[in-house]
1. Does the range 254-388 classify as rounded, prolate or oblate by the C-alpha gyration tensor (a ≥ b ≥ c root eigenvalues; a/c under 1.5 gives rounded; else a/b over b/c gives prolate, otherwise oblate)?
2. Using a 10 Å cut-off on Cβ atoms, rank the peptides 34-44, 135-145, 231-241 from the highest mean neighbour count down.
3. Sequence neighbours fewer than 8 away in the same chain don't count; with that in mind, list the aspartates and glutamates whose C-alpha is under 15 Å from Lys314.
4. Going by a ≥ b ≥ c, the root eigenvalues of the Cα gyration tensor, does the range 116-212 fall in the rounded group (a/c under 1.5), the prolate group (a/b larger than b/c) or the oblate group?
5. Out of Thr379, Gly169, Pro157, whose Cα points farthest toward the positive end of the dipole of the chain (charges: +1 Lys, Arg; -1 Asp, Glu; placed on Cβ)?
6. Among Ile30, Ile115, Ile366, which one moves the most in a GNM of the chain with springs linking Cα atoms closer than 10 Å?
7. Hey, how much of the P(r) for the chain falls beyond 39 Å, as a percent of Cα pairs?
8. Based on DSSP, what percent of beta bridges with both residues in the range 213-322 are antiparallel, to the nearest 5?
Amino acid sequence: MAIHERLSGNEAIALCLKQINPDVMCAFPITPSTEIPQYFSNYVSDGLVDTEFVAVESEHSAMSGCIGAEAAGARCVTATSSCGLALMWEMLYVAASMRLPITLACVNRALSGPININNDHSDSMGARDSGWIQIYAENNQEAYDHMCCAMRIGENPEVMLPVMICQDGFITSHAIENIELLEDDVVKKYVGEYKPEQYLLKHENPVAAGPYDIQPYYMEHKYQQAVAMKQSYDVIRKVFKEFGEISGRSYDLIEEYRMEDAETAIVIIGSSAGTAKAAIDEMRSEGRKAGLVKIRVFRPFPAEDIAKALSGCKAVAVMDKADSFNAQTGPVYAETCAALFGKENAPKMINYIYGLGGRDVSTGTIKEVFAALDEIVTTGVTGETYRHIGVRGL
């Protein structure tokens, strides 16, 4: 029977980890993810989990500790944000290349500098090519549900990749919402035990972990990583489907909102999707055919799903809560353009950089974007594709 609670996103993540009872957590505090290891350490000290909690001296050490423990055969978790994730950079690549299914709770926060503790996606987007699966939550419920699914995805023998569960700092991490939890035994059974085929402490078959990889082998190993990421599409869908069977909440790589007859649409990630849905509802009541595509899984990128969802639109705005500083586009726009490249009757597309450093995003902001799309449909002129919104003076 479902358990109804009121929890912050950080509490929900920590509670899910308690239900899973991982072998090791290595963590170092950084706002706004600090509460996750803080709450979880209380479960450890109270004897509610069997987890070995390792309080390390930096985020680089946190990921290093997870890599060592996971390579030895343990199920490992950590949490971080912003510059903490950046300090892990080297080890993120090591974890993925060693095919270690570590789970990381990323509470998205702007990267320095100037220093800023509020939300945008510059931290996880900066790590988008590190080889980690990335799943983004709109609200606290999704943060909890996605964490329930993370280990089943990463630990699947067809995948064996680390997984990053992302939620928006403060907006969901600290805000309290009604949430529906699964019972402890249901989560424990659903996630199951971690049974790696190879690990350092398996004395019957000694292996090396992370050795020097010379020219005759390196590219083959990178190809294997690429294949694993491709294979994760079907695994993610299967895991989400099975989670829906025990929870009643089904997910997919993307979510379509009022897209059945949409002429204009936005593509977005994270909590801003909720604001966008409210704006779209208001516009629909006025007879405007507006819709939304929310990207839930950014790695692997759901190119085919997005292209299909946008196939009936005349104009689309892709919303990026991070900037690539390439003088062209944000990261989500670049990927979405690649997904639609060469498709017949592809919509006209523009990119908006928005919400950096926690800049407020209102229904008015979203309506302003749709007004620009309506003008494109009317005039047939796309104009500047690389745009910023919410900047004083613009």
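Coordinate-derived values only; no laboratory data. This one's a predicted model, so the numbers in the text were calculated from it and none came from an experiment. Heads up, the Cβs are rebuilt from the backbone with ideal geometry, glycines too, and the neighbour counts pull from every protein chain shown.
1. rounded
2. On the way: 34-44: 19.8, 135-145: 26.0, 231-241: 18.3.
Output ranking for 34-44, 135-145, 231-241: 135-145, 34-44, 231-241.
3. Straight-line reach from Lys314, under 15 Å: Glu260, Asp261, Glu263, Glu344, Asp374, Glu375.
4. oblate
5. Towards the positive end, the residue furthest out is Thr379.
6. Fluctuation is largest for Ile115.
7. Within the chain, distances greater than 39 Å cover 16 percent of Cα pairs.
8. 30
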